[in-house]
């Protein structure tokens, strides 16, 4: 039996966000949201033709938009604001230059198995002073996507991805694989604007809860 993603009411999540924001305090800690790929690098292409670079940019821009509407916005920067290709080293250098508290790279997954589905969160496989906290937050974010959105949790994994390796010594860092574009259900899920908003809101809620209330 196929696992169906939840038809989440965006207004309900927005209300929940307002409650969370009302309980916290404003923070000046800097967050970098990295929309993977861009420009001539499309990333993975879904079975319905959608491109990873477009999906993650839409999510990143929606995070920024929702944050700007909040009463106590976080200090969020994007590594790219349009369909441009930014080198991996420049993405990680931004986190260092801005003295970021947190770096999150957004991606979509692909598999030769069309039934593969769910959320994966990666942290650097090297040891640093931020390793434990990055891993803990990674578990919390993948747990939130399972609970709030119905995405299957594929766990937290450890890899030597360049953006993680180069930011691990400066801040908390992780890479989110937000579903499989090779899976028909999840690929079609990203076609709906409301679903992009819901994913962006779930990420933003998780960040705010962490920075203000420790999740």
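Odds and ends about this structure:
- Those residues of segment 131-147 which are in contact (Cβ under 8 Å) with a residue 60 or more places away in the chain and either buried (at least 22 other Cβ atoms within 10 Å of the Cβ) or under 19 Å from residue 56 (Cα atoms) (or both), in sequence order: 137, 141, 144
- Screening residue 106 against (1) surrounded by 18 or more Cβ atoms within 10 Å (Cβ to Cβ); (2) out of contact with any helix residue (DSSP H, G or I) (no Cβ under 9 Å at 6 or more places or on another chain); (3) not in a helix (DSSP H, G or I) leaves a single unmet condition, (2).
- Number of the condition not met by residue 59 [criteria: (1) modelled with pLDDT of 95 or more; (2) in a loop (DSSP other than H, G, I, E, B); (3) closer than 24 Å to residue 165 by Cβ]: (2)
- Residue 163 over 21 Å from residue 186 (Cα atoms), in a strand (DSSP E or B) and either touching a residue at least 40 places away in the same chain (Cβ under 8 Å) or out of contact with any helix residue (DSSP H, G or I) (no Cβ under 9 Å at 6 or more places or on another chain) (or both): no
- Any hit, segment 63-83, residues being modelled with pLDDT of 95 or more, within 20 Å of residue 159 (Cα to Cα) and surrounded by 13 or more Cβ atoms within 10 Å (Cβ to Cβ): no
The rows are residues; the columns are (1) under 13 Å from the mean Cα position of the chain (by Cα); (2) outside any loop (DSSP other than H, G, I, E, B); (3) closer than 19 Å to residue 28 by Cα.
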| residue | (1), (2), (3) |
| --- | --- |
| 173 | yes, yes, yes |
| 186 | no, yes, no |
| 191 | no, no, no |
| 202 | yes, yes, no |
| 209 | no, yes, yes |
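- Each residue in segment 115-137 was checked for being assigned to a loop (DSSP other than H, G, I, E, B) and touching a helix residue (DSSP H, G or I) at 6+ places or on another chain (Cβ under 7 Å), and 2 of them qualify.
- Here segment 148-160 is the region considered, the condition is being assigned to a loop (DSSP other than H, G, I, E, B) and in contact (Cβ under 8 Å) with a residue 60 or more places away in the chain, and the residue that is farthest from residue 199 (Cα to Cα) is 152.
- Residue match in segment 5-13 (condition: surrounded by fewer than 18 Cβ atoms within 10 Å (Cβ to Cβ) and either under 15 Å from residue 103 (Cα atoms) or modelled with pLDDT of 90 or more (or both)): no
- Across segment 111-130, the number of residues qualifying as in contact (Cβ under 8 Å) with a residue 60 or more places away in the chain and surrounded by 19 or more Cβ atoms within 10 Å (Cβ to Cβ) comes to 3.
The values are calculated or read from the model by the stated rules, or taken from the named source; none is laboratory data. Predicted model, so just to flag it, every value in this text is computed and none were measured. Neighbour counts are summed over all protein chains in view; Cβ atoms, including those assigned to glycine, are modelled from backbone coordinates with ideal geometry.
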